[in-house]
Amino acid sequence: MRHRLLAIAILSVLALPAVAADSVLQCGKLFDSRSGKMLGAHTVVVRGGKVAEVLPGRVEATTGARSIDLTDRTCMAGWTDLHVHLDHESNRQSYSEGFRLDEVDFAYRSVGFAEKTLMAGFTSVRDLGGTVTTHLRDAITQGLVKGPRIWAAGKSIATTGGHADPTNGYNSELSHLLGPPGPTDGVINSVDDARQAVRQRYKEGSDVIKITATGGVLSYAKSADAPQFTVDEVKAIVDTAKDYGYSVAAHAHGEEGMKRAVMGGVTSIEHGTQMSDEVMRLMKQKGTWYVPTIHAGRFVAEKAKIDGYFPEIVRPKAARIGAQIQATAGRAYKAGVKIGFGTDMGVGPHGENAQEFLYMVEAGMPAAYALQAATIHAATVLGVDDQGVVEAGKRADIIAMPGDPLTDIASVLKVVFVMKDGAVYREPRR
Ligand SMILES: [Zn+2]
């Protein structure tokens, strides 16, 4: 009797008020992305799409709340992929699809890509270039389709012939017919054009600005290394972006273009293939983030071995650039450059995003650091402080997987639970 009374007393202390929670997650372990430490069992109380409480141990939910048993799983904040392209996925036909397909075809495809990304544990993404993604973002926000929270760049900004000039590779007749692309199409050639291009992205509903500071691997052009903006043009983009509260992400492979982008004040360098020690020092000094996208590098290097997968103008770039990114990521981490998580999915297959964690660890980063790069650090890159960590008051973006990713990083490939803004999208089978 006494034992029973004691048990009731304990239960009444631990029991949560009946109307206090929408759902209660019992986690076997909890990764604290703020400290980078793995904690023991915790109970996460979710209310109104936000984390209401995080309590040590296992606390039972009372009536009204949905109890979710994750006692044999590791919970953590939902991941962010800072570099995706949800409007496409490369294949052998990629280079002709632009001539055959309509934008609506790419839009339908993006719906499936978005869902795969969310189900893999990515509750947020930064989409760095793609004209359907601002619309996809709105459809997801309205609950019409399932997908991650999106920060969309819309059309990337390039210079004539640069990576993201939409008319690269067109024959002369077609080029003549269409005329040279300008700031509205994301192609600039002066400081004035630069301002106009950013304002046009604002008009189109972008959330972030993407520039292609050097040539690119997959564009129909010879060089992936050549610088493609002056420092003044980059500065004009960054300054104008600030007027709208935008950060600027810069695609860059070659050193000179990368250096100009950093000096111009961009927020992050994407790929960063030929990042020299000097550029690393400059990035540390300016607080510039590095988003390596190792997955894309390895993917294109692999595909370059297959005859006919890429046009011949692309193939040598894919073989050379792709093979270098992982080593650069390792060097940059050692040098103390801040790393954000990004894959460039759309080059590789959507939904395989978590593979990047394995590549980051292989490059020499501790597993905890790689996980922070996709959670709390990614939130900083996005310029928000309401996500990326499981704490009271933050968005209830929570994922779970079996095992302990700090001791076995491959656990990240086995996500079984996905919650975004307090809504459950994926649950372990019982
Ligand atoms: Zn990209």
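None of the figures in this text is laboratory data; all of them are computed from the coordinates on show. Predicted model only: the values in this text are computed from it and were never measured. Glycine gets a Cβ as well: all are built from the backbone with ideal geometry, and neighbour counts include every protein chain shown.
Per-peptide packing, taken as the mean over residues of other Cβ atoms within 10 Å, places 283-294, 99-110 in the sequence 283-294, 99-110 from highest down. A quarter of the convex hull surface defined by the alpha-carbon atoms of the stretch 105-199 gives 7.2 nm² as the mean projection. What is the antiparallel percent of DSSP beta bridges lying wholly in the chain, to the nearest 5? Percent antiparallel among DSSP bridges in the chain is about 45. In order along the stretch 127-137, the phi-based Karplus estimate (6.51 cos²θ - 1.76 cosθ + 1.60, θ = phi - 60°) of 3J(HN,Hα) comes to 9, 9, x, x, 7, 8, 6, 4, 6, 4, 3 Hz; Gly and Pro are listed as x. Overall, the chain carries a charge dipole of about 1220 debye about its Cα centre when +1 sits on the Cβ of Lys and Arg and -1 on the Cβ of Asp and Glu, all other atoms neutral.
Between the stretch 205-228 and the stretch 312-328, the alpha-carbon centres lie 15 Å apart. Over the stretch 147-244, the reciprocal of the mean inverse Cα-Cα separation, the Kirkwood hydrodynamic radius, stands at 13.8 Å.
Give me THR214, THR407 sorted ascending by neighbouring Cβ count inside 10 Å, so fewest comes first.
Final ranking by Cβ density, sparse to dense: THR407, THR214.
Highest mean first, the peptides 153-166, 118-131 sorted by other C-beta atoms within 10 Å per residue fall in the order 118-131, 153-166. Each peptide among 270-280, 136-146, 318-328 gets the average number of other Cβ atoms lying within 10 Å of its residues, and from highest to lowest they stand as 270-280, 318-328, 136-146. Working note: 222 nm ellipticity from helices only, DSSP H runs with n ≥ 4, each -39,500 (n - 2.57), summed and divided by the residues of the chain, gives -10500 deg cm²/dmol to the nearest 500. What angle, in degrees between 0 and 90 and rounded to the nearest 10, separates the Cα long axis of helix 294-303 from the longest principal axis of the Cα atoms of the chain? The helix 294-303 is inclined about 60 degrees to the chain. For the chain, the calculated P(r) over all alpha carbon pairs, in 20 Å bins from 0 to the bin holding the longest distance, is 27, 54, 17, 3, 0 percent. The long axis of helix 231-243 is offset from the longest Cα principal axis of the chain by roughly 40 degrees. Taking a ≥ b ≥ c as the square roots of the eigenvalues of the Cα gyration tensor, an a/c ratio of 1.5 or more together with a/b larger than b/c marks the stretch 228-301 as prolate. Annotation: lysines with alpha-carbon distance below 24 angstrom to LYS242 (same-chain offsets under eight excluded): LYS155, LYS203, LYS210, LYS259, LYS284, LYS286, LYS338. In order along the stretch 356-371, the phi-based Karplus estimate (6.51 cos²θ - 1.76 cosθ + 1.60, θ = phi - 60°) of 3J(HN,Hα) comes to 4, 4, 5, 5, 5, 5, 4, 7, x, 8, x, 4, 4, 5, 4, 5 Hz; Gly and Pro are listed as x. Above 18 Å lies some portion of the pair distances; for the stretch 74-145, what is it as a whole percent of all C-alpha pairs? Taking all Cα-Cα pairs of the stretch 74-145, the fraction more than 18 Å apart is 39 percent. Expressed as an acute angle from 0 to 90° and rounded to the nearest 10, what is the orientation of the C-alpha long axis of helix 191-204 relative to the principal long axis of the chain? That helix lies at roughly 40 degrees to the long axis. Under a Gaussian network description of the chain, with springs only between Cα atoms under 10 Å, the residue in LYS414, LYS116, LYS29 that fluctuates furthest is LYS414.
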